[in-house]
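Everything below concerns the one structure shown next.
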Amino acid sequence: MTPIIISILAGTCIGLTTLLIQEKKKTSDFSYSKSVEIATPSVVNIYSQILQNKTTIEPDKVSHDLNLGSGVIATTNGFILTNHHVIQNAESIVVALNDNRRVNAKIIGSDPSTDLAILKIDLLNLPSIQIGKSSEVSIGDRILAIGNPFGIGQTVTAGIISAKGRNSIGLNTYENFLQTDAAINPGNSGGALVNLKGELIGISSAIYSSTGGSQGIGFATPVDDAIKVMKDIIKHGEVVRGYLGMEAQKVTPSLAKNLSLSVNHGLIVNDVTKQSPAEKAGIEVGDIILKVNNNPSEDPFQVKHLITSLKPGTSISIFGIRGQQSYQANILLEKQPTMRRAANQY
């Protein structure tokens with residue numbers, strides 16, 4: 001075989017290989033099938049039976065309502081992540097797997113402050129989902145939402161990450177939502193938000209809607225936050241959070257002008273709880289907090305997230321101003337009380 005013929009054959013092989021690679025890439029660009037294949041076995045349908053209170057008209061009548069939702073198998077030994085509101089007040093819970101197995105589930109614990117709950121099922125060969133990192137998610141990333149909308153069965157919808165760190169929606173005490181335009185409807189709650197690798201990046205939690213159906217604004221709890229909650233509940237039966245015991249709001253230029261403040265940035269303290277770590281450290285109403293752990297404190301939601309992410313017994317430093325005098329305080333965080341006076345306290 002002459003060198004010329006060998007060269008022609010080699011070139012043809014290279015060309016065909018390149019075309020095949022390009023065709024495969026083109027197919028993957030227009031299909032989510034691989035991502036779906038990886039993730040869907042780990043997403044379950046949840047049916048919880050709710051016992052309703054007796055009515056005044058018929059006091060002996062007891063009614064049962066069926067609450068529909070979704071969940072995600074997070075570990076091979078059967079721990080399931082879902083929403084607190086999916087299983088709230090449930091008398092019994094049935095989990096339906098993608099392979100048509102059905103089993104009763106036990107509530108391990110829940111955290112209303114983040115609207116998360118942990119269930120446990122005892123079955124063999126459970127397909128746990130691959131855990132991604134929500135901290136690495138970017139606005140504009142393509143994602144999939146998988147759940148059980150309206151109880152019709154497992155459904156996949158596609159969209160993008162529309163925003164990160166949504167924290168003033170008014171749904172939960174601690175909000176740090178991923179926002180997406182993927183269709184999320186009643187029944188999707190507790191289901192999976194996954195990236196195109198099929199990795200879990202969030203737990204679908206709520207929608208913003210005037211109709212009750214999807215209007216392109218859905219919210220999911222980031223998986224980084226959800227895993228922390230799950231580990232605490234499994235280990236302690238509850239979420240253990242750091243507690244400072246004060247409320248504060250952002251100092252804006254207009255607020256600084258109206259109150260004749262010495263600075264036009266930071267957080268101004270508007271409440272300090274009696275016998276709290278903040279009071280013990282000498283923090284007073286009217287103080288302006290400029291730094292927490294040497295980081296500028298401009299956003300009360302970010303500071304609240306920092307405080308509650310730390311464990312009781314952790315020491316933090318606060319740099320503040322009282323009048324014209326600056327000060328620094330080292331504060332030992334305590335365990336957050338079960339009942340707190342205000343949702344924006346930390």
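The values are calculated or read from the model by the stated rules, or taken from the named source; none is laboratory data. No experiment lies behind these values; they were computed from the predicted model shown. Glycine gets a Cβ as well: all are built from the backbone with ideal geometry, and neighbour counts include every protein chain shown. The protein model used for the area step is the full one, side chains on, heavy atoms only, and it has no ligands, DNA or RNA in it. Shrake-Rupley method; radii C 1.70, N 1.55, O 1.52, S 1.80 Å.
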Report, ordered by the first and then the second residue, all pairs with beta carbons closer than 8 Å, sequence separation of six or more or different chains, a first member in the stretch 82-101 that is at positive phi, and a second member that is surrounded by fewer than 17 Cβ atoms within 10 Å (Cβ to Cβ).
-> N89/I50; N89/L51
Tally, over the stretch 149-166, of residues that are open to solvent by less than 40 Å² (accessible area, probe 1.4 Å) and in a loop (DSSP other than H, G, I, E, B) | 1
Selection from the stretch 33-77 of residues at pLDDT 90 or above and of a type in the set (S, T, Y) yields S33, S35, T40, S42, Y47, S48, S70, T75, T76
Being within 18 Å of V194 (Cβ to Cβ) and either at pLDDT below 95 or aromatic (F, W, Y) (or both) is the filter here, so list the residues in the stretch 80-102 that pass it.
-> N98
State all residues of the stretch 294-323 that are assigned to a loop (DSSP other than H, G, I, E, B), farther than 22 Å from L261 by Cβ and in contact (Cβ under 8 Å) with a residue 40 or more places away in the chain; if no residue qualifies, say none.
-> L310, K311, P312, T314
Subset of the stretch 218-268 (residues that are of a type in the set (G, A, S) and farther than 19 Å from K120 by Cβ) | G218, A220, G242, G245, A248, S254, A256, S260, S262, G266
Would you check which residues across the stretch 124-146 are part of a helix (DSSP H, G or I) and either more than 22 Å from the chain's Cα centre (by Cα) or exposed (fewer than 13 other Cβ atoms within 10 Å of the Cβ) (or both) and list them?
-> S135, E136
Considering the stretch 273-293 alone, what residues qualify as being assigned to a strand (DSSP E or B) and either open to solvent by less than 20 Å² (accessible area, probe 1.4 Å) or at positive phi (or both)?
-> I288, I289, V292
Just one of the numbered conditions (1) assigned to a loop (DSSP other than H, G, I, E, B); (2) within 30 Å of N77 (Cα to Cα) is not true of S204; which one?
-> (1)
Matching residues in the stretch 234-246 (surrounded by fewer than 18 Cβ atoms within 10 Å (Cβ to Cβ) and either in contact with a Ser or Thr (Cβ under 8 Å, 6 or more places away or on another chain) or of a type in the set (D, E) (or both)) number 1
How many residues, within the stretch 303-346, are of a type in the set (S, T, N, Q) and at pLDDT below 85?
-> 3
Keeping to the stretch 182-198, report how many residues are on the phi < 0 side of the Ramachandran plot and buried (at least 19 other Cβ atoms within 10 Å of the Cβ).
-> 11
Output the number of the condition that P186 fails; it satisfies all remaining conditions of (1) part of a loop (DSSP other than H, G, I, E, B); (2) at pLDDT 95 or above; (3) under 22 Å from Y47 (Cα atoms).
-> (2)
K231 without any contact (Cβ under 8 Å) to a residue 40 or more places away in the chain, of a type in the set (D, E, K, R), more than 19 Å from G323 (Cα to Cα) and open to solvent by 40 Å² or more (accessible area, probe 1.4 Å) = yes
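Here is a yes/no grid of residues against (1) exposed (fewer than 14 other Cβ atoms within 10 Å of the Cβ); (2) in a strand (DSSP E or B):
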residue: V94; (1), (2): no, yes
residue: D99; (1), (2): yes, no
residue: I108; (1), (2): no, yes
residue: T114; (1), (2): no, no
residue: I118; (1), (2): no, yes
residue: D122; (1), (2): yes, no
Out of all the residues in the stretch 257-272, is one or more assigned to a loop (DSSP other than H, G, I, E, B), in contact with a strand residue (DSSP E or B) (Cβ under 9 Å, 6 or more places away or on another chain), buried (at least 17 other Cβ atoms within 10 Å of the Cβ) and at pLDDT below 95?
-> yes
Would you pick out the residues in the stretch 247-256 that are out of contact with any Pro (no Cβ under 7 Å at 6 or more places or on another chain) and surrounded by 15 or more Cβ atoms within 10 Å (Cβ to Cβ)?
-> E247, V251, A256
